[in-house]
Amino acid sequence: MSRARLATLALLAFAPLLLAGDDPSQAARAKAMREIAQAVQVQSSDGAKVELVDEPVYRWDDPARRFGDGTVWVYGTSGRPTALLTLSLNQNVQTGVEWLHELAALTDTRFAAESRDGWLWSPSGPGMMFRPIPNAPVPATDEAKRLRQLNEQARRFKAFELFDPSSDGRVQRYELRLLTKPVYRYKDAARGILDGGVYLIAYGRNPEIVLVVEARADGKAAPQWSYGLGRISTAGLHVMLDDQDLAPWPGDEARYGPNRPYHIFGLPARGLNAEK
């Protein structure tokens, strides 16, 4: 991604929102986002189609950074989702109203995604790596108790981001917060996943990091809690587990793109009358 594009994205985050009289109805925006999500075809490395979950798992806006209406979609209806798509309506200072697309890989296996809108995303390596959560309890056999454990383990993670909102070289620190409940929950006995939850870590309501927490039984080993992290932001990201800083994610261009686990781009808003 070029530096000019990065500057555009930074300006986009603080560009004026559409005026109330120009803003299309909530129903029209929801319809447009659904059509975009449905236009994406995801395929695993063995050629199997990965289905889209019918409804968005999360809907948000970000008045502080002047992002418009947004939704989060997941692809994969059996077991852990393969990928996540975040869509948000923005006023791009160069190209006008657009849908900002952010794609994050949630799997440790290869896959590819393409859209009828003409783009292709094919991460060249594993999208999400999983590590054991230290000092975690043995996963409960009771589902209700296991959900409490799932939430307790997720709350051990904290995060902040470093971002230059005006592209003038003055990087600022923004504290992020964990959304208290998983936006998507699943299990996959065939892969040894007893329980799993997809969580979002957000600036306000704007998702910046995806956290996946799983109770896993790998092979003959006893079940244990594991976690995986993925970015949904161009900012520099820092995640702490029990106040211990994990490896930081710099916000440089090499961290995202059509062959990376995180991809971001904008396309003109379809079917929305955004003119005054």
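The residues of the range 132-155 that are within 21 Å of W249 (Cα to Cα) and buried (at least 19 other Cβ atoms within 10 Å of the Cβ), listed by number, are I133, A154. Check whether at least one residue in the range 55-71 is of a type in the set (A, V, I, L, M), surrounded by 15 or more Cβ atoms within 10 Å (Cβ to Cβ) and assigned to a strand (DSSP E or B), and report yes or no. Looking for residues that are of a type in the set (A, V, I, L, M), surrounded by 15 or more Cβ atoms within 10 Å (Cβ to Cβ) and assigned to a strand (DSSP E or B), one finds none in the range 55-71, hence no.
Restricting attention to the range 89-107, the residues being without any contact (Cβ under 8 Å) to a residue 60 or more places away in the chain and either part of a strand (DSSP E or B) or surrounded by fewer than 23 Cβ atoms within 10 Å (Cβ to Cβ) (or both) number 0. Checking the structure you have, find out if any residue of the range 198-219 is over 19 Å from K145 (Cα atoms), touching a strand residue (DSSP E or B) at 6+ places or on another chain (Cβ under 9 Å), surrounded by fewer than 15 Cβ atoms within 10 Å (Cβ to Cβ) and not aliphatic (A, V, I, L, M). Yes, some residue in the range 198-219 is over 19 Å from K145 (Cα atoms), touching a strand residue (DSSP E or B) at 6+ places or on another chain (Cβ under 9 Å), surrounded by fewer than 15 Cβ atoms within 10 Å (Cβ to Cβ) and not aliphatic (A, V, I, L, M).
Report whether or not G197 is over 19 Å from Q153 (Cα atoms) and either out of contact with any His (no Cβ under 6 Å at 6 or more places or on another chain) or at pLDDT 95 or above (or both). The answer is no for G197. Counting the residues of the range 182-212 that are under 15 Å from the mean Cα position of the chain (by Cα) and outside any strand (DSSP E or B) gives 4.
Within this structure, S166 passes the test of being touching a helix residue (DSSP H, G or I) at 6+ places or on another chain (Cβ under 8 Å), within 22 Å of Y256 (Cβ to Cβ) and not basic (K, R). Which of the residues spanning the range 233-257 are at pLDDT below 95, assigned to a loop (DSSP other than H, G, I, E, B) and out of contact with any helix residue (DSSP H, G or I) (no Cβ under 8 Å at 6 or more places or on another chain)? Scanning the range 233-257 gives S233, A235, D243, L246, A247, P248, P250, G251, D252, Y256, G257. Candidates in the range 24-59 are the residues that are of a type in the set (D, E) and farther than 23 Å from P123 by Cα; of these, the one that is farthest from the chain's Cα centre (by Cα) is E35. For V74, indicate whether it is touching a Pro at 6+ places or on another chain (Cβ under 7 Å) and touching a residue at least 12 places away in the same chain (Cβ under 8 Å). So V74 fits the description; yes.
Within the span defined as the range 156-172, every residue fails to be surrounded by fewer than 19 Cβ atoms within 10 Å (Cβ to Cβ), within 19 Å of the chain's Cα centre (by Cα), at pLDDT below 95 and within 22 Å of P132 (Cα to Cα).
The values are calculated or read from the model by the stated rules, or taken from the named source; none is laboratory data. All of these numbers come straight from a predicted model, not from anything done at the bench. Here the Cβ is made from the backbone with ideal geometry for all residues, glycine too, and neighbour counts use every protein chain on show.
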